Amino acid sequence: MMDVDKDTIIDEIKHLKEKHNAVIYAHYYQRPEIQNIADAIGDSLALARIAQNSDADVIILCGVNFMAETAAILCPDKIVICPDITAGCSLADSCPADKFKEFINNHPGHTVISYVNTSADVKALTDVVVTSSNARQIVESFPLDEKIIFGPDRNLGNYINSISGRNMVLWDGACHVHEKFSLEKILNLKKQHPDAKILAHPECRKSIILVADKVGSTQALLNYAIDNEANKFIVATESGIIHEMKRLAPDKHFIPAPPDDADCACNECSYMKQNTLVNVLNSLRSLSPRVIVDKNIADKARIPIERMLNISSKLGL
Ligand code: 13P
Ligand code: SF4
């Protein structure tokens, strides 16, 4: 896209946003040009919170489908739009609601804690939703002997079990992006840059978590990179976060951790990159594609999401 076209598109986006009292909220993994035009950017917890408190009439949620669904569930009176509504999530897809229901039925007496990376149908079967920013603290808010099912991310579940002394029953799901970081390539990078700190999202495999200096949500990794005295970071999460890291710490050096299976130096979530400036513009022109969640499901799914937001606020997260 030529620069002049890009500027024209951005001007029309601004004009239509005003006309419709619309806002653009974007996840840190979105394309840089989307992050640059967003009214707010954040991790999945922040986006849910910002949507819940928004006074806009129209929310353009630039993320993947489950994030837009969460906003739609929290804001039933608003028009919530996902510019590319087909932007899925391999982790959410790894947990079909009918199979999850069977899993729950096979573990009677268990509290069901689900990661936000799930469909509205799975959230409707859940007692409390969590994100990577609050999962540990919410799990630990239950008594040590509470029987808990945790889904769908086995890596995040194993990580919380290991640091909190729990023995939660785990659903066997994973994110195809975070699972494919190469330990060997990360250790090679560390040899070349011994002063670099390794940052890892808890959706990464255990072998990566064990070598990380900091494990946390995208927001926690961002905060660490800014606050830590180190100057270099090897970043084992989707490489889109590096845009905001560089913006907030322009003098620091961020090295994307490479995946196993490609010559490519960084690891991108293709779903997250489905949103473009052009489809953001089109969605503002047509006020579509609108994210509609069945009312029955939305009313059930809202309870564990609001529970998460309330517990998080009480815990100061
Ligand atoms: P965050 O909770 O860190 O935003 O992660 C969401 C996600 O999709 C990670 O892949
Ligand atoms: Fe889903 Fe993984 Fe993409 Fe996050 S990075 S949206 S968990 S597929």
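The values are calculated or read from the model by the stated rules, or taken from the named source; none is laboratory data. No experiment lies behind these values; they were computed from the predicted model shown. Note that each Cβ is placed from the backbone with ideal geometry, even for glycine, and that neighbours are counted across all protein chains shown.
Things to note:
- Looking only at segment 35-70, and only at residues there that are over 23 Å from Arg247 (Cβ atoms) and in a helix (DSSP H, G or I), the one that is nearest to ligand 1 (Cβ to nearest atom): Phe66
- Ala301 passes every criterion in (1) crowded, with 20+ Cβ neighbours inside 10 Å; (2) aliphatic (A, V, I, L, M); (3) within 20 Å of Asp153 (Cβ to Cβ); (4) within 16 Å of ligand 2 (Cβ to nearest atom) apart from (4).
- Evaluating Gly109 against the criteria (1) in contact (Cβ under 8 Å) with a residue 40 or more places away in the chain; (2) more than 19 Å from the chain's Cα centre (by Cα) leaves one unmet condition, (1).
- Tabulated pairs, segment 233-254, first under 20 Å from Asn36 (Cα atoms), second in a loop (DSSP other than H, G, I, E, B) and acidic (Asp, Glu), C-beta under 6 angstrom, 6+ apart or interchain: Ser239/Glu268
For every residue, the table says whether it meets (1) more than 16 Å from ligand 2 (Cβ to nearest atom); (2) surrounded by fewer than 19 Cβ atoms within 10 Å (Cβ to Cβ); (3) of a type in the set (A, V, I, L, M).
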position	(1), (2), (3)
Thr131	no, no, no
Asn161	yes, yes, no
Leu199	no, no, yes
Ile209	no, no, yes
Ala212	yes, no, yes
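- Residue within segment 89-97 that is closer than 24 Å to Met245 by Cα, crowded, with 20+ Cβ neighbours inside 10 Å, within 13 Å of ligand 1 (Cβ to nearest atom) and in contact (Cβ under 8 Å) with a residue 40 or more places away in the chain present: yes
- Residue match in segment 13-29 (condition: among the acidic types (Asp, Glu) and either surrounded by fewer than 20 Cβ atoms within 10 Å (Cβ to Cβ) or at pLDDT below 95 (or both)): yes
- Residues in segment 220-234 that are in contact with a strand residue (DSSP E or B) (Cβ under 9 Å, 6 or more places away or on another chain), more than 22 Å from Ile163 (Cβ to Cβ) and assigned to a helix (DSSP H, G or I): 0 in all.
- For segment 1-34, a residue qualifies if it is assigned to a helix (DSSP H, G or I) and in contact with a Cys (Cβ under 8 Å, 6 or more places away or on another chain), and exactly one does: Ile34.
- Complete set of residues in segment 87-136 that are β-branched (Val, Ile, Thr), under 23 Å from Cys62 (Cα atoms) and assigned to a loop (DSSP other than H, G, I, E, B): Val116, Thr118, Thr131
- Answer residue from segment 91-125, given it is among the hydroxyl-bearing types (Ser, Thr, Tyr) and closer than 16 Å to Ser44 by Cα and is modelled with the lowest pLDDT among those: Tyr115
- Considering segment 176-219, the residues that are assigned to a loop (DSSP other than H, G, I, E, B), away from ligand 1 (no atom under 14 Å from the Cβ) and in contact (Cβ under 8 Å) with a residue 60 or more places away in the chain include one that is farthest from the chain's Cα centre (by Cα), namely His193.
- Taken together, the residues in segment 255-296 that are within 16 Å of ligand 1 (Cβ to nearest atom), without any contact (Cβ under 8 Å) to a residue 24 or more places away in the chain and not in a loop (DSSP other than H, G, I, E, B) amount to 1.
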